[in-house]
Amino acid sequence: MKFSVLLPTRNGGRFLADCIASILEQPYSDMELVVSDNANTDDTPAVIASFAGDARLKAIRLDTPVCVTDNWNCALRASSGDYLLVMGDDDCLLPGYFQRVEQVLNKYGNPDCITYNAYSYVARGSVNDNVQSYYKETFFKFGQDFDGEGVLSPEMRFAIVRDMFRFRNRIPLNMQTTLMSRRAVNRIAGGIFQPPFPDHYALNSLLLKANTWVYVPENLVVVGVSPKSFGHFVYSDKQEEGRKYLGIESDFAGRLPGIELNNCMYVWLTRLKENYPDRLAGITISRAAYVRRQVHAWYLQYRSGAASSGQLVRWARLLSFADWLYLLSSVLDKQSWQRLWLLLRSSKKNQIQYVWQGALPLENISTIREFAGWVSSRPSAGKG
């Protein structure tokens with residue numbers, strides 16, 4: 001089997017059909033779709049059953065709910081492909097995906113990983129019941145060092161991981177935008193998917209362990225944001241509900257309230273440091289960068305309506321003297337000035353466009369599948 005698409009799902013029936021259809025409608029036979037039904041209580045079983053006529057579909061069902069990491073591992077164990085792609089149940093695969101990545105694999109001698117870009121699609125009701133859907137032409141803004149298609153050197157990949165400890169993301173931490181080989185996955189001691197966010201840990205482990213990694217500046221998938229995405233819980237003031245939904249924990253000494261993505265990043269960075277002590281010797285998690293990013297997130301939550309001014313004051317009182325010094329040092333941090341500029345020039349009127357800078361409203365498009373059909377039909381389709 002050439003490709004395995006892993007689709008772990010937890011009560012995603014409302015969006016699941018579009019995701020499955022986008023995969024199984026691809027005219028490619030040497031692939032399988034592994035759907036892991038995490039003891040779903042909605043119409044997910046019926047949605048899966050509606051695609052039962054396709055021999056490429058492999059469905060497994062868990063009797064009791066498990067955390068997001070365990071569900072991902074269930075799908076992985078049931079798969080058999082040489083290359084693995086993980087999709088969320090509110091994402092969408094663009095037409096021609098398998099043919100394109102197969103071209104890249106053949107061109108570069110079957111590299112361990114391929115990273116590419118995506119479109120962003122924000123569904124209706126994703127942030128405080130937005131009544132209109134939105135999209136972005138590029139899901140992730142790669143830096144100037146990603147200057148075109150080619151192989152990422154081991155030195156560059158290590159530098160990307162090192163920058164993660166400074167809370168600087170230079171690649172998207174979403175598994176949908178990276179195809180990975182099973183041989184590379186098998187090199188990860190303790191398993192490729194580890195909590196709290198299995199994709200974040202997996203990608204950084206692969207950056208350290210993969211032999212070859214190729215970057216392609218094209219949009220090959222659509223990454224969706226829906227009322228069941230973690231982003232929905234973050235920016236709709238439902239983070240506790242989101243943590244329970246995913247079954248994640250983010251406790252550590254010095255933890256600050258705010259966006260759980262930052263706290264969970266601190267946790268998986270700690271885990272990465274513990275599991276790769278030799279490779280990451282001398283590299284520590286930057287408390288200053290964590291504080292700056294979390295305080296920025298506080299204001300982001302305030303601007304999106306997910307936090308009140310009173311909460312900002314209460315959170316500020318939790319900062320230590322050293323934390324305040326870290327904030328003062330932001331005057332020397334280029335990224336802090338860039339974030340401040342974005343804050344000053346943004347409007348508070350539209351929460352979607354504030355949280356997702358550059359998002360554009362969509363007219364007469366109400367599903368991610370409709371959006372995928374629209375962008376695929378344009379002359380500029382796929383140019384990330």
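The values are calculated or read from the model by the stated rules, or taken from the named source; none is laboratory data. Just so it is clear, the model here is predicted, and its values are computed rather than measured. Here Cβ is always computed from backbone atoms with ideal geometry, including for glycine, and neighbour counts include all displayed protein chains.
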Scanning segment 141-175 residue by residue, those of a type in the set (Gly, Ala, Ser), free of Cβ contacts under 8 Å to residues at least 40 places away in the same chain and assigned to a loop (DSSP other than H, G, I, E, B) turn out to be 143, 153
Scanning segment 279-315 residue by residue, those aliphatic (A, V, I, L, M) and within 25 Å of residue 230 (Cβ to Cβ) turn out to be 285, 289, 291, 295, 297, 300, 306, 307, 312
Counting only residues that are over 22 Å from residue 378 (Cβ atoms) and either of a type in the set (Asp, Glu) or free of Cβ contacts under 8 Å to residues at least 60 places away in the same chain (or both), segment 99-116 contains a total of 5
Just one listed residue, out of 115, 138, is over 22 Å from residue 263 (Cα atoms) and not in a loop (DSSP other than H, G, I, E, B), and it is 115
Expected single match for over 29 Å from residue 20 (Cα atoms), out of contact with any His (no Cβ under 8 Å at 6 or more places or on another chain), of a type outside the set (Ser, Thr, Tyr) and at pLDDT below 90 among 317, 339, 303 is 303
I'd like to know if segment 18-41 contains one or more residues that are free of Cβ contacts under 8 Å to residues at least 40 places away in the same chain, within 20 Å of the chain's Cα centre (by Cα), in a helix (DSSP H, G or I) and closer than 21 Å to residue 199 by Cβ. yes
Within segment 278-306, residues in contact (Cβ under 8 Å) with a residue 40 or more places away in the chain and among the basic types (Lys, Arg) come out as 279, 292, 293, 303
Evaluate the following for residue 209: is it assigned by TED's automatic domain parsing to the domain that holds residue 173, of a type in the set (D, E, K, R) and within 23 Å of residue 76 (Cα to Cα)? yes
Residue 75 being closer than 27 Å to residue 208 by Cβ, assigned to a helix (DSSP H, G or I) and not basic (Lys, Arg)
yes
Residue 368 passes all but one of the listed conditions (1) at pLDDT below 95; (2) within 21 Å of residue 124 (Cβ to Cβ); (3) surrounded by 12 or more Cβ atoms within 10 Å (Cβ to Cβ); the exception is number (1)
Residue in segment 118-136 that is more than 14 Å from residue 6 (Cβ to Cβ), among the β-branched types (Val, Ile, Thr) and crowded, with 20+ Cβ neighbours inside 10 Å present: yes
Note on segment 286-300: residues surrounded by fewer than 21 Cβ atoms within 10 Å (Cβ to Cβ) and more than 21 Å from the chain's Cα centre (by Cα) are 286, 287, 288, 299
With criteria (1) over 22 Å from residue 356 (Cβ atoms); (2) surrounded by fewer than 20 Cβ atoms within 10 Å (Cβ to Cβ), residue 303 comes up short on (1)
> Residue check: is residue 285 touching a Leu at 6+ places or on another chain (Cβ under 8 Å) and closer than 18 Å to residue 197 by Cα?
Replying inline: yes
Taking segment 233-258 and the residues there that are over 20 Å from residue 316 (Cα atoms) and of a type in the set (A, V, I, L, M), the one that is modelled with the lowest pLDDT would be 246
Restricting segment 10-51 to residues that are of a type in the set (Ser, Thr, Tyr) and at pLDDT 95 or above, the one surrounded by the most Cβ atoms within 10 Å (Cβ to Cβ) turns out to be 36
Subset of segment 140-191, residues surrounded by 14 or more Cβ atoms within 10 Å (Cβ to Cβ), farther than 27 Å from residue 290 by Cα and out of contact with any strand residue (DSSP E or B) (no Cβ under 8 Å at 6 or more places or on another chain), comes to 187
- Task: Please indicate, with yes or no, whether at least one residue in segment 83-104 is under 30 Å from residue 243 (Cα atoms), modelled with pLDDT of 95 or more and of a type in the set (S, T, N, Q).
- Result: no
Got at least one residue in segment 191-201 being in a loop (DSSP other than H, G, I, E, B), of a type in the set (Gly, Ala, Ser) and more than 28 Å from residue 22 (Cα to Cα)?
yes
Does residue 96 satisfy the criteria of being loosely packed, with under 15 Cβ neighbours inside 10 Å and in contact (Cβ under 8 Å) with a residue 40 or more places away in the chain?
-> no
